[in-house]
Amino acid sequence: MTYLEGVRILDIGDADIVHTDTETSHANIETGVRAILASGAVPVVLGGDHSINIPCIRAFAGRPLHIVQIDAHLDFVDVRHGVRHGHGNPMRRAAEQDHVKGITALGIRNVSSTARDGYEAARAMGDDILSVRQIRKLGIQATLARIPRGVDYYLTIDIDGFDPSIAPGTGTPSHGGFLYYEVLELIDGLTKQGNVIGIDLVEVAPDYDHSGTTTILAAQILLNTIGRIAHNRR
Ligand SMILES: [Mn+2]
């Protein structure tokens, strides 16, 4: 346990991942996130692929929240090749949960994880979807204004939401992504207009980036997110 500017930080270590057994792995993640929530702390969960969001959101059952997703891909696939709990499915699984009151998907672009019917389902289930280009036209403040205020947010950051020029270390890079300050300013605004009660950051694949810049970006955005949560907390 360490203290950073009055913030108590607990590290519960890695969830036990049983390779080839997604369901057991997810159950182990959910147990860990529930333990963090029971302690009164804000879970900050590092992936792993985006499927780890599924047990994280389950762990918040009974706590109404709005999901803010930073991602190149919509991840709203219902079932593909029999897979319901893979990294293309998390937002669909989230939207099915009673405690998830809405989803704002930011940065969605290019060839996606999700086909047309998935986009239609996402919109029908209340997903607000904005591309990087739409956000640049709107500006950060107008983008933030589309997100419900004064509620609890769960922030899920897929590193591929960033541009591959600054985050090449990921499995499905997609050009035309966010730059650092765009995401930081979105997160800064979010922590001022409501409470961020949980975070995951996913899809960092260090082996694909021998320069290490992707992991530094991930650490930088997380450190600054945690700092803003602590600073702007209500
Ligand atoms: Mn994703």
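Every number here is computed from the coordinates shown, using simple stated rules; none is lab data. Given the structure is predicted, the values throughout are model-derived calculations rather than measurements. All Cβ positions, glycine included, derive from the backbone under ideal geometry; neighbour counts span all protein chains shown.
Rounded to the nearest 0.05, what FRET efficiency is calculated for residue 38 and residue 131 with R0 set to 45 Å and r the Cβ-Cβ distance?
Calculated value: 0.75.
Looking at the chain, what % of its DSSP beta bridges pair antiparallel, to the nearest 5?
Here the antiparallel bridges make up roughly 15 percent for the chain.
Among 155-161, 209-215, 10-16, 106-112, how do they line up from the highest to the lowest mean number of other beta-carbon atoms within 10 Å?
Result, highest mean first: 155-161, 106-112, 209-215, 10-16.
Using alpha carbons only, how many angstrom separate the centre of the range 156-219 from the centre of the range 74-102?
Rounded to whole Å, the Cα centres lie 20 Å apart.
What ranking do 174-181, 186-193 get when scored by the average of other Cβ atoms within 10 Å per residue, highest first?
Descending mean neighbour count gives 186-193, 174-181.
So what's the back-of-envelope 222 nm ellipticity for the chain, counting only DSSP H runs of four-plus at -39500 (n - 2.57) apiece and dividing by all residues, rounded to 500?
Helix-only estimate at 222 nm: -11000 deg cm²/dmol.
Between residue 232 and residue 20, what's the calculated FRET efficiency when r is the beta-carbon distance and R0 is 35 Å? Round to 0.05.
Calculated value: 0.25.
Name the residue from 202, 165, 230 whose Cα lies farthest towards the positive end of the charge dipole of the range 83-234, charges +1 on Cβ of Lys and Arg and -1 on Cβ of Asp and Glu.
My answer, from the dipole projection, is 230.
For residue 151, list long-range residues whose amide hydrogen, built 1.01 Å from N in the peptide plane, is under 5 Å from its own amide hydrogen.
Residues meeting the amide H criterion: 195.
Is the C-alpha gyration tensor of the chain telling us rounded, prolate or oblate? Criteria: a/c under 1.5 is rounded; beyond that, a/b larger than b/c is prolate, otherwise oblate.
In terms of gyration-tensor shape, rounded.
For the chain, modelled as a Gaussian network with Cα springs under 10 Å, which listed residue fluctuates most, 207, 163, 78?
Checking each option, the largest mean-square fluctuation is seen for 207.
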